[in-house]
Amino acid sequence: MFETMLITFREGLEAFLIVAITLAYLQKTGRAHLAKAVYGGIAAALLISATTSFHIQELAEDPVMEGALAMIAGVLVASMTFYVIKNARNIKTNITDKIEHSAAKTGNAAYIGVFLFITLMIAREGMETALMLGGISTYAHATAIFGGAVGGLLIAALFGALWVKQSSKINLRLFMQVTGIFLFLFSIQLFLYGIHELSEMNALLPVEEWNYPIHMATEMFAHGHWVAQTITYSLLAVPCAWLAFSFISEKCGTNKQFSAAE
C-alpha cells in the first residue's frame, strides 16, 4: 500500500500540474475556449490508461511476463524520471511553450493540437503508473493496491489544490527532485526484481544452468527478504533526507546573504 500510494501520488500530481499549468496559460492568453480540448484530452488519456492497465494486469498473471514487465517498467520509469529531474527547473516553461505552439494554430488545428498534447502527456503518466503497479501486482494484495491508489490520488488532489492557490510559495523544482529520487530508486528495485523472477523461471538466459547463479544473487531483492524491505523503507527515507538537506542548504544560504548585507 505504501509503494502504491507514493506512485499514484507522484504521477497523479504531475498530471494535475500539467493540466493546471495548461488551463492557466490558456486563460492568461485569451484562449479559454480551448479548455474543451484539455478536458477531452484528459478523458481520452484516462481511457488509454485504463485500457493499458487492464492488459498489463492480464499479462502480469504469467510469471515470465511479470518479470519482463518489471524490467521494462524499471528502464522506462528510470529514463523518464531522469529526464524530468534534469528539466525540473524549466518544466512550466516547457509546457507553456508546447501549448503555445499548438494553440497558436488557426481553427480546428488549435483544438486538435491542444487535445493531442494533453492526451499524450496525461496518458504517459497513466501508463507509467500502470507499468509500475503491474510490476508489484503479483506480490501485493489487490485491496492494498486499490487503497494505496485511492489514497495517493486524494493526496495528489489536495497538494494540487494547494499548488493552484499557493504556487508562488511552492518549490516545484525541489518537489520534482524529491519525488523523482523515489521513482528512480523504485525503478531500480523493480528492474532487479524482474531479473530475479525471470531467472527463477529459467527465462533470463538461454542455458538453464546459467540462470541459477543469477537467481541466487538476486534473491535479496525478492519480496519478503530483509534487503528488499530495507530498500522499500529507503524509498521514503532517502527523498526525505534530500528534502531536509535542500531545506537546510537554502536556509544557510539565506542566512549568509543576510550576514553579507549587514
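The values are calculated or read from the model by the stated rules, or taken from the named source; none is laboratory data. Keep in mind the model is a prediction, meaning the values are calculated, not measured. Cβ placement follows ideal geometry from the backbone for every residue including glycine, while neighbour counts extend to all protein chains displayed. What goes into the accessible areas is simple: the full protein's heavy atoms, side chains included, and nothing from ligands, DNA or RNA. Shrake-Rupley method; radii C 1.70, N 1.55, O 1.52, S 1.80 Å.
If you go through the stretch 134-147 and keep only what is part of a helix (DSSP H, G or I) and either over 19 Å from the mean Cα position of the chain (by Cα) or at pLDDT below 75 (or both), you end up with G134, G135, I136, A142, T143, A144, I145, F146. Cβ separations smaller than 7 Å between residues 6+ apart or across chains give the following pairs from the stretch 194-212 residues that are farther than 11 Å from M71 by Cβ to residues that are open to solvent by 70 Å² or more (accessible area, probe 1.4 Å) and of a type in the set (D, E): N202/E208.
Within the stretch 83-104, does at least one residue satisfy the condition of being touching a helix residue (DSSP H, G or I) at 6+ places or on another chain (Cβ under 9 Å) and among the aromatic types (F, W, Y)? Looking through the stretch 83-104, none of the residues is touching a helix residue (DSSP H, G or I) at 6+ places or on another chain (Cβ under 9 Å) and among the aromatic types (F, W, Y).
Is there any pair with a first residue in the stretch 50-67 that is of a type in the set (S, T, Y) and a second that is surrounded by 18 or more Cβ atoms within 10 Å (Cβ to Cβ) and assigned to a helix (DSSP H, G or I) whose Cβ atoms are under 6 Å apart and which are 6 or more apart or on different chains, and what are they? If the second residue must be surrounded by 18 or more Cβ atoms within 10 Å (Cβ to Cβ) and assigned to a helix (DSSP H, G or I), the pairs left are T52/M127; T52/A130; S53/A130. Among the criteria (1) of a type outside the set (S, T, N, Q); (2) closer than 30 Å to P206 by Cα; (3) surrounded by 15 or more Cβ atoms within 10 Å (Cβ to Cβ), the one I85 does not fulfil is (2). When the stretch 152-176 is limited to residues that are part of a helix (DSSP H, G or I), open to solvent by 20 Å² or more (accessible area, probe 1.4 Å) and touching a helix residue (DSSP H, G or I) at 6+ places or on another chain (Cβ under 6 Å), the one that is modelled with the highest pLDDT turns out to be L153. Scanning the stretch 87-105 for residues that are in a helix (DSSP H, G or I) and either under 17 Å from S187 (Cα atoms) or at pLDDT 80 or above (or both) yields T93, N94, I95, T96, D97, K98, I99, E100, H101, S102, A103. Residue under question is T22, and the condition is that it be part of a helix (DSSP H, G or I), surrounded by fewer than 20 Cβ atoms within 10 Å (Cβ to Cβ) and among the polar types (S, T, N, Q); does it hold? So T22 fails the test. Here the stretch 31-47 is the region considered, the condition is being touching a residue at least 60 places away in the same chain (Cβ under 8 Å) and open to solvent by 70 Å² or more (accessible area, probe 1.4 Å), and the residue that is nearest to the chain's Cα centre (by Cα) is L46.
Within the stretch 62-72, one or more residues are charged (D, E, K, R), crowded, with 17+ Cβ neighbours inside 10 Å and over 30 Å from Y25 (Cβ atoms).
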